[in-house]
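*Asks:* The structure's right below; bear with me while I get my questions together.
Values in this text are rule-based calculations from the coordinates and carry no lab data. Computed from a predicted model, the values in this text were never measured in an experiment. In this analysis, Cβ positions are derived from the backbone assuming ideal geometry, glycine residues included, and neighbour counts consider all displayed protein chains.
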Amino acid sequence: MSTPSHYDAVIIGAGMSGLAAAVRLSMYGQKVLLLERHNAVGGLNSFYARGARKYDVGLHALTNWVPEGVKGAPLVKLMRQLRIRREELDLCPQLGSRITMAEKNLRLNNNFNDLVADVAAAFPQHVDRFIALDEMFMGMDETALEASGGSARALLDEKIGNPLLRDMLLLPTCFYGSAIEDDIEISQFAVMWRSLFKEGFARPFIGVRQVVRLLLDRCREHHVERRMKCGVKRLVVKAGSVAALELDDGTEVTATRVYSSAGVVETQRMRSDVEPQASASAIGRLGYAETITTYRADDFAKFGWSDTIVFFCDAEQFSYRSPAELVDPRSGVICIPNNYSYGEGRKLDEGWLRVTALANHDAWCQLPEVEYLAQKQAWLAQLNAVARRHLPAVSNAVHDAALTSTDVFTPRTVRKFTGHLNGAIYGSPVKRRDGRTDLNNLFIIGTDQGFLGVTGAMLSGISMANLHGLKN
């Protein structure tokens, strides 16, 4: 029998965190193997093609955008660690987003002073508390690996004291970064406060493909070995370590260190010393459905839909939990990728409308195939209608005549293509901020390490590579 190939690092999953970790480790001469069970990289933030049309998955915006010259911001740190030049990302700032609830609007437009002004106008008796809360968060190291937990909802009740303002602040931060029902952990809320409220949104002109291309280029440059359509069947555990990895293709490899972005429960269940259904209570429950609609560009330009992103809640109180029905249309995210400042002479070939709402994984997975497809179309129409109520009015005739394509994904789709149990976008509610497990050479990166979003995922891969692979 031949001796298994040995690597300094094996990385499970070629999402943003896995790619970033692979680049960072290989930059320092480590022999790295990157494994991906599917045929595309990017994980939760990838893209797929239908004919000539490319659909982004996950990326509404790259958060933590700051103007050129700002130092110390997470995005700046990320670029420096991966040796990516700012111009390579081709980042285009948003035109303007908002939070809307109970006929009040708060601007999120990459200018924190405008948000403060809107809070002062809508909640004059609470703006001083809002400013004090900002000062508290700016004094925190929200990315500290030893960050403590706690309820952001309870903190907002204590520090803000207004249920509507509390819900309006929870709305975008939960949708963009919480694995906890009806709440978000304090340190994660602090991350979201900085990335959404203090810094802002931008988008590469061609979307998430730009980020994926850059990371793949760096992997090739530093000789990362990448195996697609090849996941990990089993982690062979001996004497408190991963002794070997049995792969889907029947081969076996060994590694000094193993970094998994598969999720903490999903990784546990790969282990030879763990029951197949272990840790069921730690599986995340929060899944999303998303509809995508495209339009002829010239017609779309006449719609007057100028928002970049709208975080909406039509209910009296914001509920962030897995719904009893297939989808909860009462709150969600409307994204119009056309509305970034792409620069003179650059615009997207079509108009785009993306609508995201909470969805029930089990309910979607229990549907027979014919009913599943029918429900996707039904919810496409319903979520599109919900979104249009928050945008300037366009007649059905004009709207429908401009349509060029539609698509829908559900928690079932997410589970199929990412392996996340329950199709949980943000994974388990229990995070491993330091990435450690009870095995001395197995580390968690990505969603269940705890840094979320595109920027956060890359920072997760970098920070865990630095801490457990380079800090010796």
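*Asks:* Which order results if D114, D328 are arranged by neighbouring Cβ count within 10 Å, fewest first?
*Replies:* Values: D114 14, D328 19.
Ordered by Cβ neighbours within 10 Å, fewest first: D114, D328.
*Asks:* Tell me the Kirkwood hydrodynamic radius of segment 285-417 in angstroms, computed as one over the mean inverse distance between distinct C-alpha pairs. Could the numbers behind the result be given before it?
*Replies:* Numbers: mean 1/r = 0.0639 Å⁻¹.
After inverting the pairwise mean of 1/r, the radius is 15.6 Å.
*Asks:* Each label point is 7 Å from the Cα along the Cα-to-Cβ direction; what then is the distance between the points at D182 and A401, in nm?
*Replies:* 4.8 nm
*Asks:* If you don't mind, another one. Take the alpha carbon gyration tensor of segment 84-223, find the square roots of its eigenvalues, order them as a ≥ b ≥ c, and report rounded if a/c is under 1.5; if not, report prolate when a/b exceeds b/c, else oblate. Before the final figure, lay out the partial values.
*Replies:* On the way: a/c = 2.37, a/b = 1.64, b/c = 1.45.
Verdict is prolate for segment 84-223.
*Asks:* Please work out whether segment 1-159 counts as rounded, prolate or oblate from its C-alpha gyration tensor, where a ≥ b ≥ c are the square roots of the eigenvalues and a/c under 1.5 means rounded, while otherwise a/b larger than b/c means prolate and anything else oblate?
*Replies:* Working: a/c = 2.27, a/b = 1.82, b/c = 1.25.
Note, shape of segment 1-159 comes out prolate.
*Asks:* Please state the shape class of segment 79-153: rounded when a/c is under 1.5, otherwise prolate if a/b exceeds b/c and oblate if not, all from the C-alpha gyration tensor. Working shown, then result.
*Replies:* Working: a/c = 2.55, a/b = 1.31, b/c = 1.95.
Oblate.
*Asks:* What aspartates and glutamates could a cross-link reach from K77, if we take a straight Cα to Cα line under 16 Å and drop same-chain neighbours fewer than 8 places away?
*Replies:* E68, E87, E88, D141, E142, E199
*Asks:* As a check on your grasp of the helix formula, calculate [θ] at 222 nm for the chain: sum -39500 (n - 2.57) over DSSP H runs of n ≥ 4, divide by the residue count, round to the nearest 500. Present the calculation step by step, with values, prior to reporting the outcome.
*Replies:* Values: 16 runs with 153 residues, N = 472.
It comes out at -9500 deg cm²/dmol, rounded to the nearest 500.
*Asks:* Hey, with R₀ at 25 Å, roughly what FRET efficiency would R50 and R80 work out to, going by the Cβ-Cβ distance, to 0.05? Working shown, then result.
*Replies:* Values: r = 37 Å, r/R0 = 1.46.
According to the calculation, E is roughly 0.10.
*Asks:* Compute, for the chain, the length of the dipole vector about the Cα centre, with Cβ point charges of +1 (Lys, Arg) and -1 (Asp, Glu) only. Units Debye, rounded to 20.
*Replies:* I would put it at about 1160 debye.
*Asks:* Say R0 is 60 Å: what FRET efficiency, to the nearest 0.05, do K229 and D128 get from their beta-carbon distance?
*Replies:* Details: r = 56 Å, r/R0 = 0.94.
The formula returns an efficiency of 0.60 here.
*Asks:* Given the chain, what percent of its DSSP beta bridges are antiparallel, to the nearest 5? Don't jump to the answer; show the numbers that get you there.
*Replies:* Values: 50 of 74 bridges.
So the antiparallel bridges amount to about 70 percent of the total.
*Asks:* Using only alpha carbon pairs under 8 Å that are at least six residues apart, calculate the relative contact order of segment 192-291 and give it in whole percent. Numbers along the way, then the final one.
*Replies:* Values: 72 pairs, mean separation 15.7, N = 100.
That works out to 16 percent.
*Asks:* Then there's this: Would you order Y176, Y259 from fewest to most other beta-carbon atoms within 10 Å of each residue's own beta-carbon?
*Replies:* Details: Y176 25, Y259 32.
Lowest count first: Y176, Y259.
*Asks:* Now a separate question. Determine the distance separating the Cα centre of segment 293-357 from the Cα centre of segment 392-463; give it in Å without decimals.
*Replies:* If we compute the Cα centre of each part, the gap is 18 Å.
*Asks:* Related question: Under a Cβ-only charge scheme (Lys and Arg +1, Asp and Glu -1), can you give me the dipole magnitude of segment 95-214 about the Cα centre, in debye to the nearest 20?
*Replies:* Working: 12 positive and 17 negative charges, 132 e Å.
I would put it at about 640 debye.
*Asks:* Take the eigenvalues of the Cα gyration tensor for the chain, scale each by 5, and report the square roots as semi-axes in whole Å, largest first. Display every interim value, and only then the final one.
*Replies:* Numbers: eigenvalues 246, 128, 103 Å².
Working from the Cα gyration tensor, I get semi-axes of 35, 25, 23 Å.
*Asks:* Quick one: net charge of S272's neighbours, Cβ under 9 Å, K/R +1, D/E -1?
*Replies:* On the way: positive: R234, K238, R271; negative: E246, D273.
Summing Lys and Arg as +1 and Asp and Glu as -1 gives +1.
*Asks:* Also, quick follow-up: Tell me which lysines have Cα within less than 21 Å of K31's Cα, excluding those fewer than 8 residues away on the same chain?
*Replies:* K229, K471
*Asks:* Here is a further query. Please compute the net charge surrounding R285, taking Lys and Arg as +1 and Asp and Glu as -1 over other residues with Cβ under 13 Å from its Cβ. Intermediate values should be presented prior to the final figure.
*Replies:* Numbers: positive: R321, R415; negative: E181, D182, D183, D328, D362.
Summing Lys and Arg as +1 and Asp and Glu as -1 gives -3.
*Asks:* If you take the charge dipole of segment 220-337 about its Cα centre, with +1 on Lys and Arg Cβ and -1 on Asp and Glu Cβ, which of Y288, Q268, S319 is farthest toward its positive end?
*Replies:* Q268
*Asks:* Could you order the peptides 271-283, 150-162 from most to least packed, using the average number of other C-beta atoms within 10 Å per residue? Write out the running numbers ahead of the final one.
*Replies:* On the way: 271-283: 13.0, 150-162: 16.8.
My ranking of the peptides, most packed first, is 150-162, 271-283.
*Asks:* Find out how many positive minus negative residues lie around K238, taking Lys and Arg as positive, Asp and Glu as negative, among other residues whose Cβ is under 12 Å from that of K238. All intermediate terms of the calculation are to be shown ahead of the outcome.
*Replies:* Numbers: positive: R271; negative: D273.
Net charge around K238: 0.
*Asks:* Within 10 Å of each residue's Cβ, count the other Cβ atoms and sort Y342, Y288 from fewest upward. Show your work: numbers first, answer last.
*Replies:* Details: Y342 17, Y288 23.
Neighbour counts put them in this order, fewest first: Y342, Y288.
*Asks:* Let me ask something additional. Ordered by packing density, taken as the mean number of other Cβ atoms within 10 Å over each peptide's residues, highest first, how do 53-60, 197-204 rank?
*Replies:* Numbers: 53-60: 20.1, 197-204: 22.1.
For the peptides 53-60, 197-204, the packing ranking is 197-204, 53-60.
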